[in-house]
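The values are calculated or read from the model by the stated rules, or taken from the named source; none is laboratory data. These numbers were taken from a predicted model, which means no experiment stands behind them. Using ideal geometry, Cβ is built from the backbone for each residue, glycine included, and neighbour counts are taken over all protein chains shown. Surface areas here come from the heavy atoms of the whole protein model, side chains and all, with no ligands, DNA or RNA. Shrake-Rupley method; radii C 1.70, N 1.55, O 1.52, S 1.80 Å.
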Amino acid sequence: MPMFLARAAEASSPTEYIVHHITYLTNEAPRGVLDFSVVNYDSVFFSILLAVVFGGLFYAVARKATAGVPGRLQGFVEWVVEWVDSQVKETFSGKSRLIAPLSLTIFCWVLLFNLMDLIPIDLLPNAARGAGLGHLRIVPSTDLNVVFGLSLTVFALVLYYSVKIKGLGGFVGEFALRPFASRNVVLQALCVPINLIMELPSFLARPLSLALRLYGNMFAGEMVFALIALLTLTMGAAALATATGWVLIVVQIAVGVVWSLFDAFIGLLQAFIFMILTIIYLSQASEHH
Amino acid sequence: MNINLTLIIQMIVFVLLVAFVMRKVWPHILGAVEERTRKIALGLAAAEKGQQELAQAEKRSDVVLREARERAHQIVEQAQRRASEMIEHAKIAASAEGQRLLTAAQQQIDLEAARARDSLRKDVAQLAIDTASKLLEREIDARTHADLLDKLAARI
């Protein structure tokens, strides 16, 4: 939720405000689109922090988990685990020790990423400025590196399982021999490139769409929070002196509350979608044709 | 907006986190859930069995109770029969004994009466003789008048 008056001390222009908010805390300014000497400290920090929060909470419960009467926390954790387990079992018919824990991790971790959006947009960046850090982005799922980190790992698993279960020939055959096939060798040879053109892009687009769907939704959500914050940004403390200022403050708070609720829902939905698509891709990878 | 080392770090953290959850979290939590499910199933089965056993035991106890009641009834009946028999026996014995005592007493009485009569008769005879001898002033020969005296005694 936006904090009105948050940046009153440094009344900047809307453009400066937005740009400031979409700049990462990095070790050095990136040169070009691909630059592996750069690290987004903020994304890495919050990503690991939330991994520790999720892993720590679930590990603490798992260590003390009893088959007796569960406490509230254990009940909650079991509820999440069983829900994920049922989602996996509905979609994935095979047996895998990996896919259910993977789904749980994705759902909880991404949900925690997305819920970071609900922390007042200027709160942590301003606190960071107090500590001498120029920029801070606290929602890891609005970082392309983070979402691609997830989707490419999932994609690598899909490749691994496809080759492991179908064999390299079977896996390649899925792209080369469908949907057009013929018993005639010459015709078949003609069909292969067409099949590849049709099938390969949709397969390769998977990690892209998986990452960008999450990124787009969460980035848009964050942008709307920034825009809501802009309502009173340029007025600063002067907003308290005029009637218009008060109206704007009330509108800002009301819209902020509504958007927070909506964004929490979107965050939950996107975490769920990311998990379900992961399960679907992996179950397709381990299906025999 | 660029792709950088963060991507690689994110992938490594992701893999480590999934490995951790897979080894240290998932099996324990789901294990606890499955263990509880098993326990509940066992508990329900045990409750079901217990109820069946209870029903059987009730049936059995009913049978035993009914048998016991019948047996008690029989015993009471038998006892009553035995008692009435004994009373009957006692009555018969008592009545026989009474009869016997009565008969013995009667006999005793008859005997006593006969003896008394006899002695009386003798006394009367003696008295008659004495009286007669006094009247006649002479000795009556007992032997001579024996049959006369006997007749007299028999008449008394």
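Quick look at the values:
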| read-out | value |
| --- | --- |
| Given (1) within 27 Å of B:Ile8 (Cβ to Cβ); (2) open to solvent by less than 40 Å² (accessible area, probe 1.4 Å); (3) modelled with pLDDT under 95, number of the condition A:Leu150 does not satisfy | (3) |
| Leading residue by the ranking (modelled with the highest pLDDT) among those in the range A:97-126 that are open to solvent by 40 Å² or more (accessible area, probe 1.4 Å) and within 14 Å of chain B (Cβ to nearest Cβ) | A:Leu112 |
| Where a residue in the range B:1-15 is without any contact (Cβ under 8 Å) to a residue 60 or more places away in the chain and in a strand (DSSP E or B) and its partner, wherever it lies, is open to solvent by 50 Å² or more (accessible area, probe 1.4 Å) and hydrophobic (A, V, I, L, M, F, W, C), with Cβ under 6 Å and at least six apart | B:Ile3/A:Leu34; B:Asn4/A:Phe36 |
| Residue in the range A:263-272 that is loosely packed, with under 14 Cβ neighbours inside 10 Å, out of contact with any Pro (no Cβ under 9 Å at 6 or more places or on another chain) and part of a helix (DSSP H, G or I) present | yes |
| Filter result for A:Ser162 (under 27 Å from A:Phe274 (Cα atoms) and among the polar types (S, T, N, Q)) | yes |
| Which numbered condition A:Glu28 fails, given (1) surrounded by fewer than 18 Cβ atoms within 10 Å (Cβ to Cβ); (2) of a type in the set (Asp, Glu); (3) part of a helix (DSSP H, G or I) | (3) |
| Residue match in the range A:4-22 (condition: open to solvent by less than 50 Å² (accessible area, probe 1.4 Å), over 30 Å from A:Gly245 (Cα atoms) and either within 11 Å of another protein chain (Cβ to nearest Cβ) or among the hydrophobic types (A, V, I, L, M, F, W, C) (or both)) | no |
| Among (1) closer than 25 Å to A:Thr153 by Cα; (2) modelled with pLDDT of 90 or more, the one test that A:Ser202 misses | (2) |
| Test: residue in the range A:128-135 that is in contact with a Ser or Thr (Cβ under 8 Å, 6 or more places away or on another chain) and within 30 Å of A:Val251 (Cβ to Cβ) | yes |
| Residue match in the range B:39-57 (condition: closer than 30 Å to A:Gly55 by Cα and modelled with pLDDT under 95) | yes |
| Pair list, Cβ under 6 Å, 6 or more apart: the range A:213-242 residue on the phi > 0 side of the Ramachandran plot, other residue surrounded by fewer than 19 Cβ atoms within 10 Å (Cβ to Cβ) | A:Gly236/A:Ala8; A:Gly236/A:Ala11 |
| Residue check, B:Lys49 open to solvent by 100 Å² or more (accessible area, probe 1.4 Å), in contact (Cβ under 8 Å) with a residue 24 or more places away in the chain and charged (D, E, K, R) | no |
| Residue within the range A:193-207 that is more than 22 Å from the chain's Cα centre (by Cα), closer than 30 Å to A:Tyr161 by Cα and charged (D, E, K, R) present | yes |
| Residue tally, condition open to solvent by less than 30 Å² (accessible area, probe 1.4 Å) and either within 14 Å of chain B (Cβ to nearest Cβ) or more than 11 Å from A:Ser47 (Cα to Cα) (or both), over the range A:127-143 | 8 |
| Candidate set: the range A:50-69, residues that are outside any helix (DSSP H, G or I) and more than 7 Å from chain B (Cβ to nearest Cβ); chosen: the one surrounded by the most Cβ atoms within 10 Å (Cβ to Cβ) | A:Gly68 |
| Residue in the range B:126-136 that is at pLDDT below 80 and outside any helix (DSSP H, G or I) present | no |
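One line per residue, one yes/no per condition, for (1) over 22 Å from A:Leu214 (Cβ atoms); (2) not in a helix (DSSP H, G or I):
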| site | (1), (2) |
| --- | --- |
| A:Asp85 | yes, no |
| A:Ile106 | no, no |
| A:Leu111 | no, no |
| A:Gly134 | yes, yes |
| A:Val158 | no, no |
| A:Lys164 | yes, no |
